[in-house]
Ligand SMILES: [Mn+2]
């Protein structure tokens with residue numbers, strides 16, 4: 001049985017070789033694989049600053065510094081999970097509905113095989129393709145959504161599929177169960193007095209003003225109660241983190257969590273029935289010294305660590 005794992009950095013230096021996520025083998029296979037990393041290089045649906053189409057490339061580049069062992073969660077990720085870098089989903093710049101359809105088709109067999117994808121965005125609109133693909137084989141999902149924004153607007157300029165509408169569309173299409181989903185980290189100015197529009201759709205919403213007052217373990221308790229053992233997807237917009245730590249993104253919101261706090265809240269979730277992850281909205285051209293990509297790669301590593309932890313606890317997905 002094959003077990004795919006990163007190239008050993010004590011045998012070949014980190015700056016050598018083709019840039020794949022975490023130096024994993026670049027193989028488009030679902031055989032003997034627990035998790036795949038997939039790039040979705042698209043930013044056709046951003047409302048402000050573009051650039052997230054280069055997110056997957058930058059996160060992969062930053063991720064070569066990741067090592068195998070997570071000392072806080074006490075798990076060696078590649079020992080538990082056979083993983084490959086599955087490559088990029090096909091996208092068409094400027095043709096957003098077609099892109100979403102192609103991304104969905106690309107992801108469907110992954111969920112159908114019970115393999116867990118970690119999707120590197122790309123703008124947040126891609127999550128609808130992900131949820132459509134996942135729901136086709138898993139049914140309605142619980143979603144844990146880290147973001148400065150609720151992304152529950154009805155439309156932009158009369159158009160329904162933008163990065164700021166994705167979590168309204170997902171409810172309308174019945175792809176997720178808002179009664180078992182939670183949005184975490186919302187802050188900043190709003191278009192109108194629509195502070196409670198996430199709750200109106202059925203989500204639990206943990207605003208940053210509330211979150212900042214509680215410990216990571218307390219958030220984890222709230223999330224676990226909400227998810228209630230259901231199959232779950234974690235969607236993480238890098239702008240959840242304060243732009244002092246994550247400036248390379250299209251719509252930054254100041255006054256948010258530090259990178260340490262963000263990693264701590266995520267890490268605290270512990271084992272759940274994870275079926276997919278995404279990390280979206282990294283725009284490398286806006287990212288001085290690549291700090292946003294380094295953080296994004298670390299967030300991805302925590303997600304894979306949570307999956308590895310869950311495997312050890314007997315949540316085998318599929
Ligand atoms: Mn956002």
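The values are calculated or read from the model by the stated rules, or taken from the named source; none is laboratory data. Bear in mind the structure is a predicted one, so any value in this text is a computation, not a measurement. Cβ sites come from the backbone with ideal geometry, for glycine too, and all protein chains shown count toward neighbours.
Worth pointing out:
- Residues considered: 42, 127. Of these, the only one that is buried (at least 24 other Cβ atoms within 10 Å of the Cβ) and more than 20 Å from residue 230 (Cα to Cα) is 42.
- Complete set of residues in region 221-243 that are within 16 Å of the ligand (Cβ to nearest atom) and either under 12 Å from residue 306 (Cβ atoms) or assigned to a loop (DSSP other than H, G, I, E, B) (or both): 234, 236, 241, 242, 243
- Checked against (1) in contact with a helix residue (DSSP H, G or I) (Cβ under 8 Å, 6 or more places away or on another chain); (2) within 16 Å of the ligand (Cβ to nearest atom); (3) not in a helix (DSSP H, G or I), residue 198 meets all criteria but (3).
- Unique match (being closer than 28 Å to residue 204 by Cα, in contact (Cβ under 8 Å) with a residue 40 or more places away in the chain, part of a helix (DSSP H, G or I) and under 14 Å from the mean Cα position of the chain (by Cα)) among 59, 128, 144: 128
- Lone qualifier among 142, 133 - being touching a strand residue (DSSP E or B) at 6+ places or on another chain (Cβ under 7 Å), at negative phi, modelled with pLDDT of 95 or more and away from the ligand (no atom under 16 Å from the Cβ): 142
- Summed over region 221-237, the residues that are surrounded by fewer than 17 Cβ atoms within 10 Å (Cβ to Cβ) and touching a helix residue (DSSP H, G or I) at 6+ places or on another chain (Cβ under 8 Å) give a count of 1.
- Being surrounded by 16 or more Cβ atoms within 10 Å (Cβ to Cβ) and either modelled with pLDDT of 95 or more or under 22 Å from residue 310 (Cβ atoms) (or both) holds for only one residue in 218, 253, 199, and it is 253.
- If you go through region 256-268 and keep only what is buried (at least 22 other Cβ atoms within 10 Å of the Cβ) and under 16 Å from residue 281 (Cβ atoms), you end up with 256, 257, 262, 266.
- Residue among 61, 44 that is out of contact with any strand residue (DSSP E or B) (no Cβ under 9 Å at 6 or more places or on another chain) and closer than 24 Å to residue 307 by Cβ: 61
- Qualifying residue in region 206-215 (condition: more than 21 Å from residue 48 (Cα to Cα), within 16 Å of the ligand (Cβ to nearest atom) and in a helix (DSSP H, G or I)): yes
- Pairs linking a residue in region 249-262 that is on the phi > 0 side of the Ramachandran plot to a residue that is assigned to a loop (DSSP other than H, G, I, E, B) and within 14 Å of the ligand (Cβ to nearest atom), with Cβ atoms under 9 Å and 6 or more positions apart or on different chains, are 255/187; 255/188; 255/242.
- For region 17-32, residues that are over 9 Å from residue 64 (Cβ atoms) and at pLDDT below 95 total 1.
- Checking each residue in region 145-166 for being within 16 Å of the ligand (Cβ to nearest atom) and out of contact with any helix residue (DSSP H, G or I) (no Cβ under 8 Å at 6 or more places or on another chain) picks out 156, 162, 163, 164, 165.
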